[in-house]
1. Considering (1) in contact with a Leu (Cβ under 8 Å, 6 or more places away or on another chain); (2) surrounded by fewer than 18 Cβ atoms within 10 Å (Cβ to Cβ), say which one residue 338 fails and leave the rest.
2. Got a number for residues in region 424-453 being more than 14 Å from residue 106 (Cα to Cα) and modelled with pLDDT under 95?
3. For residues that are within 28 Å of residue 137 (Cβ to Cβ) and not basic (Lys, Arg), tally how many sit in region 79-116.
4. Go through 295, 234 for me and flag whichever is crowded, with 21+ Cβ neighbours inside 10 Å, on the phi < 0 side of the Ramachandran plot and not polar (S, T, N, Q).
5. Considering each of 176, 168, 210 in turn, give the residue that is under 30 Å from residue 475 (Cβ atoms) and surrounded by 17 or more Cβ atoms within 10 Å (Cβ to Cβ).
6. When both residues are 6+ apart or on different chains and their Cβ atoms are under 8 Å apart, which pairs have a first residue that lies in region 511-539 and is within 30 Å of residue 627 (Cα to Cα) and without any contact (Cβ under 8 Å) to a residue 12 or more places away in the chain, and a second that is surrounded by fewer than 19 Cβ atoms within 10 Å (Cβ to Cβ) and among the hydrophobic types (A, V, I, L, M, F, W, C)?
7. Go through (1) surrounded by 18 or more Cβ atoms within 10 Å (Cβ to Cβ); (2) without any contact (Cβ under 8 Å) to a residue 24 or more places away in the chain one by one and return the number of the condition residue 610 breaks.
8. Can residue 582 be described as touching a residue at least 60 places away in the same chain (Cβ under 8 Å) and either of a type outside the set (Phe, Trp, Tyr) or touching a helix residue (DSSP H, G or I) at 6+ places or on another chain (Cβ under 7 Å) (or both)?
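The values are calculated or read from the model by the stated rules, or taken from the named source; none is laboratory data. No experiment lies behind these values; they were computed from the predicted model shown. Backbone-built Cβ (ideal geometry, glycine too); neighbour counts: all protein chains shown.
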Amino acid sequence: MTTSLSAVADVDRHAVSPGAVSPDSSGALLLPWTTPHGVPPFGAFAPADFRAAFDVALAEHKAEISAIAGSQEPATFDNVIAAMERAGAALTRVSNLFFNLSSADTTPEIQAIERDMAPVLARHYNAIALDPLLFARIQAVPEAGLTPEQTRLLEREKTAFRRAGAGLPPATMARLSDIAARLATLGASFAQNVLADESAWEMALDEADLDGLPDDLRNAAAQAANERGQPGRYLITLSRSLLEPFLQFSTRRDLRERAFRAFAARGANGDAHDNRAIIAETMALRAEKARLLGYDSFAAFRLDDSMAKTPDAVAKLLQSVWKPARARALADQQALQELFIADGHNGELEPWDWRHYAARRRRTEADFDETQLKPYLQLDRMIAAAFDVAQRLFGLTFRERADLPRWRDDVRAFEVTDRDGRLVAVFYGDYFNRPSKRSGAWMSSFRSQQNLDGEVRPVVVNVMNFARPADGQSALLSFDDARTLFHEFGHALHGMLSNVTYPSLAGTSVARDFVEFPSQLYEHWLEQPQVLQAFATHWRTGEPMPGPMLRRLLDSRNEGQGFATVEYAASALVDLRLHQQTDFGDFDIDAFERATLDDIGMPRAIIMRHRPGHFLHVFAGDGYSSAYYSYLWSEVLDADGFAAFRDSGDVFNPELAGRLRDFVYAAGNLRDPREAWLGFRGREADPQALLAKRGLDQAA
């Protein structure tokens with residue numbers, strides 16, 4: 001239900017309620033979907049249909065909210081909060097579908113509609129949040145006699161309305177509405193600019209340029225060239241699934257530099273797609289919003305409703321890992337510098353050299369070669385492994401349904417059932433990179449779970465950007481790719497297993513620094529020997545991964561943690577410090593980035609994982625603004641949480657799996673995150689588990 005203000009910030013937290021659609025609604029977007037399991041009717045509508053559908057759905061939702069706010073009946077939970085949960089069914093349906101497509105398979109027409117609709121939708125939801133009659137009705141709802149879930153929902157609604165500015169003077173509320181509309185426009189433009197840079201750039205290679213590249217990367221580059229109309233050549237694009245292995249294996253330092261610089265400069269090339277002015281305006285507006293709401297900074301506002309609570313708590317966590325990670329990274333940098341010099345180069349190791357020499361160091365010192373590992377990590381087998389773990393933990397079965405409507409032919413659809421054969425969810429997997437898809441990997445929902453008016457099961461999607469294999473070849477993953485697949489599937493399970501009454505509390509609608517816990521926890525099962533022994537099989541021979549290779553893989557899990565932690569923590573520190581600023585007059589994001597990295601002592605051969613110009617987490621909406629630290633906060637929980645399974649002697653311990661399902665995966669936002677954690681683990685989390693997991697507990 002889209003009325004809930006705690007559930008409208010990003011599309012993967014929208015929830016759909018069933019309800020009548022007005023009879024004058026036109027097209028397949030608004031009419032009840034009669035497809036199997038009520039999935040979206042892909043192929044039955046055109047992008048142009050969205051504009052009219054939004055108009056109808058917005059009008060319908062506005063009328064529903066007006067009726068709730070203007071009712072003369074005494075306020076009750078049912079006629080205010082539950083009524084708000086039921087309102088906006090058509091708008092939620094259209095919004096979920098539209099914004100999923102705008103991320104996964106956009107077109108110029110969809111992008112134009114997104115730019116137009118972003119401020120319209122922002123103003124619509126702000127009008128709800130700032131409606132004094134509606135806020136008064138919510139405040140008047142009596143708490144006596146409510147169930148625990150109803151009490152939780154009422155508390156979350158009151159909090160969301162207050163944080164939106166409800167009850168402030170009219171002029172302040174009007175300004176907050178203007179800010180929200182402008183921020184929505186800026187966020188949409190930011191994301192589209194990044195996609196434009198990623199889609200436009202390519203580096204064509206001939207046979208002479210392929211030195212060092214393994215066969216699977218050559219095949220993927222050839223396939224990329226075929227898809228872009230250049231058969232017989234090879235292309236490297238800015239998709240991580242192509243770019244990172246190219247940086248790792250290519251012996252052509254000049255080409256590595258060219259590709260790396262293009263990747264690092266996304267959104268900051270001084271052209272029509274440059275995002276730096278958008279960043280400056282976004283930050284000024286966020287700071288103003290925080291002041292209007294009574295906070296010292298946007299970071300203070302943002303974190304007040306999180307597990308961390310304060311910027312100081314976040315800074316303390318980040319600094320606790322920064323010092324040992326930096327020490328490890330600097331030691332690694334010196335070792336790589338020696339290899340660099342031994343290779344005949346002068347000067348200092350550069351960021352486009354790090355992955356190349358780190359891989360060579362692993363091959364010589366740890367006897368670990370990624371090229372030998374990758375043939376055992378088939379995409380199809382890793383998907384099957386993720387499904388198998390879900391079956392062993394939670395009793396889920398996945399049956400592929402090629403007959404279900406899909407937005408692309410290579411998208412896969414699965415019917416998910418429980419031990420008794422009852423439908424749990426529909427799961428879509430969209431795994432391969434294409435120019436119409438934004439970068440990264442994510443989970444979202446076309447429909448969220450709820451039990452308000454009968455059981456409504458969710459429709460969940462995972463979107464990846466893996467390199468497409470050549471015809472007749474198997475899609476092969478790096479171990480990091482496989483970990484990403486498990487991570488996003490952990491998010492998907494959080495949506496699929498949800499079992500709550502009210503849609504605003506369903507699935508991933510939890511605190512931002514708790515939402516990564518279920519996904520990061522799920523990654524641990526990929527690293528279990530019994531999982532890899534069963535599913536890591538050679539794509540040609542079907543033979544399982546040899547024992548010595550498996551042992552080297554597991555022994556090398558903490559290799560490169562200095563680099564990985566530094567590039568991540570630097571991004572989180574820049575994000576936090578940026579949102580602690582209050583003056584953005586004549587703001588220069590490049591100067592701020594340099595000054596911050598100099599202050600924290602960033603190793604010169606590493607850059608932020610996400611530089612500001614393409615930091616989608618932070619600027620394409622505010623989902624992770626001041627909150628990119630969330631992955632690390634949740635990692636404290638996942639490290640300690642998996643220790644419970646490991647220490648029990650059974651990584652599929654049914655008692656622990658049951659508590660994990662009841663208090664985390666199925667529970668949505670039924671309770672405070674700390675209470676959810678304690679219900680699963682039985683005690684507070686041990687922060688030391690994080691450093692131990694990353695192998696940084698012994699770092700200098």
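1. (1) is the only condition that residue 338 fails.
2. Taking region 424-453 as the starting set, the residues that turn out to be more than 14 Å from residue 106 (Cα to Cα) are 424-429, 431-432, 440-453.
So of that shortlist, the ones also modelled with pLDDT under 95 come out as 440, 453.
Within region 424-453, residues that are more than 14 Å from residue 106 (Cα to Cα) and modelled with pLDDT under 95 number 2.
3. Result for region 79-116: 16.
4. Values: 295 fails: crowded, with 21+ Cβ neighbours inside 10 Å.
Sole residue among the options that is crowded, with 21+ Cβ neighbours inside 10 Å, on the phi < 0 side of the Ramachandran plot and not polar (S, T, N, Q): 234.
5. Every option except 210 fails the conditions.
6. none
7. So residue 610 meets the others, but not (2).
8. So residue 582 fits the description; yes.
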